[in-house]
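See below for the structure under consideration.
None of the figures in this text is laboratory data; all of them are computed from the coordinates on show. These numbers come from a predicted model, not from an experiment. Positions of Cβ are backbone-derived with ideal geometry, glycine not excepted, and every protein chain shown enters the neighbour counts.
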Amino acid sequence: TAAATSTQRLSLIAGKYVGKDDPVMIVRCQSGLPAVGEALEPFTFAYSVAGCMRGSHHAPLMPVAVGQAHPSRFDGPPRVVALGFQIKDGRLIGPRDMFDDPALGGARRQAGEVMDYLRRHGPFEPHRLPLEELEYTTMTSLTKRLAHRWTPMTTEVATPVGSGTE
């Protein structure tokens, strides 16, 4: 086995918010498997993930050192840390903080820029997750409670003034 992951959305299984569902991954490297640098390379890009502000918004994944793994801005951007271990005589030796590296500064800057861009959308998609994917906000129950007050928007297209067809 080269990798093992845990990425379950508990709210989708239980039908409501039932606790934290933060993912974890273990990856083996070296000895016929990818090198450590190859396994870490995907984290040099700030991929947009669901997991900001109570899991209800998209935000860029930011690789950080363990000491920087404390999101504060809109509960994000979502941080990812990497701990490296060696195995010697059947025992784990370490950890080494793999993202405590200035080479990942570009990814961190990019995550900050993407976070700025997404936040400027306000509380709407694409920054906010679609209604059916929201985990632990009151938005789903609120929209159901107010549904009787909503009216469909028209799909008619206005004819431009001066087009000769008005």
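For the ranges 73-81, 121-129, what's the packing order if you count other beta-carbon atoms within 10 Å of each residue, average per peptide, and put the highest first? Before the final figure, lay out each step's value.
Details: 73-81: 18.8, 121-129: 13.6.
With the highest mean Cβ count within 10 Å placed first, the list reads 73-81, 121-129.
Figure the gain on full extension for residue 142 and residue 86 (residue separation times 0.36 nm, minus the Cα-Cα span) and round it to one decimal in nm. List each step's numbers first, then the result.
On the way: separation 56, 0.36 × 56 = 20.16 nm, distance 5.02 nm.
Gain on stretching residue 142 to residue 86: 15.1 nm.
Which net charge results when you count Lys and Arg as +1 and Asp and Glu as -1 among the other residues whose beta-carbon is under 15 Å from that of residue 62? It works out to a net charge of -2.
Sorted largest first, the spans of the alpha carbon positions of region 26-165 along the three principal axes are 80, 40, 30 Å.
State the extension gain, in nm to one decimal, for the chain segment bounded by residue 31 and residue 70, taking 0.36 nm per residue of separation less the distance between their alpha-carbons. Provide the component values of the computation, followed by the final result.
Values: separation 39, 0.36 × 39 = 14.04 nm, distance 3.39 nm.
Full-extension gain reported as 10.6 nm.
What is the sum of charges, Lys and Arg at +1 and Asp and Glu at -1, for the other residues whose Cβ falls under 14 Å from the Cβ of residue 112? Result for the local shell: +4.
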